[in-house]
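Reading through the structure tokens given below for one structure.
Computed from the coordinates by the stated procedures, all read-outs in this text should not be read as laboratory data. Computed from a prediction, not measured in an experiment: that's the story for all the values here. Note: ideal-geometry Cβ built from the backbone for every residue, glycine included; neighbour counts use all protein chains shown.
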Amino acid sequence: MMSHRRRSRAAGSPPSDASTGTAPTPEKSGWIRPWAATGSDLKVLELALAFRAANALLVRTYFNPDEHWQCLEVAHRVAFGYGHLTWEWKRGLRSYLHPLIFAALYKTLALLHLDTPWVMVMAPRLVQSLFAAFGDLYLYKLSKLIFNGQVAKWTLFSQLVNWFMFFCITRTLSNSLETVLTVAGLYYWFAAIESSKATSIVSKQHAACEQSIPSRKVALLIAALSCAIRPTSAVTWLYVSLLDFIQMKSKCCFILLDVIPVGAIVLAVTTLLDWWMYGSWVIVPLNFLKFNLLSSGGDYYGTHVFHWYFTQGFPSMIWTFLPFALCGIVKSQEWRLSGLIAWVLGVYSILGHKEFRFVLPVLPLALMFSGYCLASMSRSKGKNQHRKDSLSRMQPFVILLVITNVPMALYMSLFHQRGTEDAMYYLSKEAHDGRVRSVLFLMPCHSTPYYSTLHYNLPMRFLDCTPSDSKGTLDESDRFLTSPSEFVGEVFGNLSAFSHIVIFESEERHVLQLLLHNSFLEMRRFFHSHFKVDRDLQSAVVVYSRRNVL
């Protein structure tokens, strides 16, 4: 467990009660009510709310299909009765808990007659920005709890400046909400540890089951919700709980009074919710873990080398904060949380299919160690100097971090891969004006948003990429990329069933003659990307329309 001695070694840490030999009272420590907001916490929340709202409005690019297809598309279907459910929902691999948050938002917008194309695009990210702001607040509180206020301020700086956090946290990915819940849960977990210490110092005559304090139950509730939304969150909480469980004196009380009741309630509620939505009994966490961990089903979407998270993935996410984070880990000697980062990266490295977003929940913890290092640097040589001298000494490091993160955050959020978002927003406005009858997407599956952005009930068709039970069988998406012109002629014939076709510029040249022959004319061309990601350069998205619907 974290010790008072460790806290006193934090950068610039004021003397603790332990160092003076005085037992801290619960009232003095403030640990009995860790959810109580102080004045500084309210200011941090106000800053975070404003910052993340602007963050959400600035994110105009496409990052990962799950942002739309596993959340908003499902929510749109629940709220309005139409929307596409991918194969994961037919196999019971996803819980409705996360999409229902945004289904409620969509219903509210519809009742208020605010479901316009722009609002339908931006409102979900603004809602996610509220969650993200509370994630910033709880990271600040966690840093202050484990270290001190100075570290907490530099941690908040690191969190807000980091390019990947800006790029990803306001997106409606389940990983984004999982990250917020993980940070909040860790705060209450550590607050429970501190509170139990304070209580034991005040009175050693309390019963062993006194460890069942409210903040630990709050932590377990948040952890259970995180696992319900994203079952792989159990990787994080298995590590956290086992380290404490080994040292607990009241193991039975912890299991019987805390873990089982909270876990059973959350599992029962989410299972009933999924039963109601699926129409049959579905144990989503079991199905999810069986498919992704036991059968390696995720490998269908590509694999990476074992060390990818350590050598490429996570270093790209933390970027120029990496040396500061490593410095903070060594200087703070807070091996429990640094061990959690290593544990999560290590476990996810075992899986063949790897994505940046999978390890997003531990990025704030790494940025907290960056905050520790920056706080230490700001004070190490300035004990007898004026505050202005300390600030001027930190200026080069702050400038370095800002100029290496802010431009990248803005470029990735405003420009890189924005064509698919712009094309769908354009089609949404055209559909509401009655100029779209049906749409065909001749591009790799799930390359664009779908009904959740179009918000108009008309026929649409995209190239399917459902995993096949037979290995080596090419799906529609792969077949199209292998031989675009032949595939279109074989599957869709003369294309007369569609009024609009959306295609990447890289494939456009292969089917251009076919489009012209079927009376399709180019309507709009949207910039998409300056460089390729995992396929040929997809520099633009082109929207074609049949001449008779112009």
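Using Cβ point charges alone (K and R +1, D and E -1), the dipole size of the chain about the Cα centre works out to roughly 2060 debye. One entry in (i) 66, 59, 58; (ii) 87, 57, 49; (iii) 116, 59, 47 is Cα extents along the principal axes in Å calculated from the shown coordinates; its label is (ii). A simple charge model with +1 on the Cβ of Lys and Arg, -1 on the Cβ of Asp and Glu and nothing else charged puts the dipole of the range 357-503 at about 1380 debye relative to its Cα centre. Between M460 and V439, the built amide H atoms are under 5 Å apart, and every one of these is 5 or more places off in sequence or on another chain.
Extending 7 Å from the Cα toward the beta-carbon at both S470 and I399 defines two label points whose distance is 6.4 nm. For the chain, which DSSP H helices look membrane-span-like by this rule: Cα extent along the axis of 27 Å or more and mean Kyte-Doolittle of at least -1.0? Answer set is 39-58, 117-146, 174-202, 387-414.
For a 21 Å ceiling on Cα separation, which of these pairs sit above it: K251/K331; K90/K290; K290/K354; K43/K107; K144/K251; K141/K354? From the list (K251/K331; K90/K290; K290/K354; K43/K107; K144/K251; K141/K354), the Cα-Cα distance tops 21 Å for K251/K331; K43/K107; K144/K251; K141/K354. Straight Cα distances below 13 angstrom link K249 to the aspartates and glutamates E210, with same-chain residues fewer than 8 positions distant left out.
With the cut-off at 1.5 for a/c, could you classify the range 418-546 from its C-alpha gyration tensor as rounded, prolate or oblate? Because its axes are fairly even, with a/c under 1.5, the range 418-546 counts as rounded.
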